[in-house]
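One structure is given here, and the rest of the page talks about it.
The values are calculated or read from the model by the stated rules, or taken from the named source; none is laboratory data. Keep in mind that this is a model prediction, so the values were computed, not measured. Here the Cβ positions follow ideal geometry from the backbone for every residue, glycine too, while neighbour counts run over all protein chains shown. Each accessible area value is taken on the protein alone, full model and side chains, heavy atoms only, with ligands, DNA and RNA left out. Shrake-Rupley method; radii C 1.70, N 1.55, O 1.52, S 1.80 Å.
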Amino acid sequence: MGYDAGSLWEQIIVWGHQDASRHVNNAHYLRFIESGYVMWCMAIGKALGGEERVKAILAGQGVSFILKSVNVNFKRPVTFPDTFDWAQADDLFEPHALHSELSALFVFTTSDRCGLGQRACLSLQDAFQDPSSPFHIAPGQTGPESADAPPPLSQVPHPTSPQPSYSTAVSSPAENARAKLISMGYDAGSLWEQSIVWGHHDAFRHVNNVHYLRFIESGRIPWVMAFGKALGGEERANAMLAGQGVSIILKSVNVNFKRPVTFPDTLLIGHKPMISSSRTHFTLNAVLYSYSQQAIVADSDSVLVWYDYDNLKKCDPGDDAWRILKAASQDGQVKN
């Protein structure tokens, strides 16, 4: 099928990859994909200039890659025990079963080979050299020994004394973020705050792309719970999360990375549905808003399918579900 034989990646599935739905959690696929394309990047580096070029590409030195967006389509659920044969770029196969497929967009960074993206890439390079940037490491200094190492004291926010509240006071970053997302039509009742920790960083000293899929999932669950409560109270919400009766299943997800995120920060994640003429699926749009940057750092579209877990097939959820969904698609708010 034309996949590179020299960079095939074998991913062993372990028990811990499974979630409460008793199959591999969707967030893990992005890590599996990353593990596979790193092998492919290493093969490209060796072909270009041997081991030294490989090290430079992986360290983000000179001309390398940066991930702009990724789309994952989930074909079949995967359970323990199993192993993936991972081919770039990029379908996941085992005999007779296609589990997932990926389309990813990479951008070359720096040098004249950057083409149309050169100016943006050089701006990113300038950020690494800017002493005021969170990415900057001054000459003669070294970065953290590991992803779990504590940040420098200069990066640790210090508590301040409570300030009196005045009617003319500027709103907090959290209040600004919440007001912004609600004004954009995202459901106020299921906004999710995601704290960024030091361990979310990778070797490029920003939050690794893999974590975004987990953040989006963490935000999607409160939205599903709010929808379940609107449809039938706590009992229906719990049944939807447990995969009992009619609930949803993730078909595909697309993530667009807009700005790098660094510790310390908190992201506010909001969701709103978009419906079409189909009665069996809908799209759930997500946005991730940074308190520190006061800006959207990523967005995502997830295709969700209505699924009858008792009969193991997609279905029409009924008029009540579509009435709530249609109303939410118009003003963003989930209500019965």
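A few points about this structure:
- Filter result (hydroxyl-bearing (Ser, Thr, Tyr) and either open to solvent by 20 Å² or more (accessible area, probe 1.4 Å) or closer than 18 Å to Ala5 by Cα (or both)) within the stretch 35-68: Ser35, Tyr37
- Any strands (runs of 3 or more DSSP E) falling wholly within the stretch 1-112 and containing at least 2 residues that are modelled with pLDDT of 70 or more and among the hydroxyl-bearing types (Ser, Thr, Tyr): 64-74
- Matching option when the condition is of a type in the set (Gly, Ala, Ser) and touching a Leu at 6+ places or on another chain (Cβ under 7 Å), among Ser300, Ser252, Ser276, Ser290: Ser290
- Qualifying residue in the stretch 303-324 (condition: closer than 30 Å to Trp198 by Cα and within 16 Å of the chain's Cα centre (by Cα)): no
- Taken together, Ala169, Ala188, Ala147 contain a single residue that is modelled with pLDDT of 55 or more and among the aliphatic types (A, V, I, L, M), which is Ala188.
- Selection within the stretch 214-239 - under 17 Å from Val297 (Cα atoms) and open to solvent by less than 10 Å² (accessible area, probe 1.4 Å): Phe215, Ile216, Gly219
- Of the residues making up the stretch 6-43, those that are acidic (Asp, Glu) and touching a strand residue (DSSP E or B) at 6+ places or on another chain (Cβ under 9 Å) are Glu10, Glu34.
- Taken over the stretch 1-34, residues that are among the aliphatic types (A, V, I, L, M) and open to solvent by 30 Å² or more (accessible area, probe 1.4 Å) amount to 6.
- Checking each residue in the stretch 275-298 for being at pLDDT below 95 and either among the aliphatic types (A, V, I, L, M) or touching a helix residue (DSSP H, G or I) at 6+ places or on another chain (Cβ under 6 Å) (or both) picks out only Ile275.
- Count - residues of the stretch 259-304 that are outside any loop (DSSP other than H, G, I, E, B) and of a type in the set (Ser, Thr, Tyr): 6
- Residue within the stretch 190-209 that is out of contact with any strand residue (DSSP E or B) (no Cβ under 7 Å at 6 or more places or on another chain), in a helix (DSSP H, G or I) and of a type in the set (Lys, Arg) present: no
- Total residues in the stretch 270-316, condition open to solvent by less than 40 Å² (accessible area, probe 1.4 Å) and under 25 Å from Pro77 (Cβ atoms): 17
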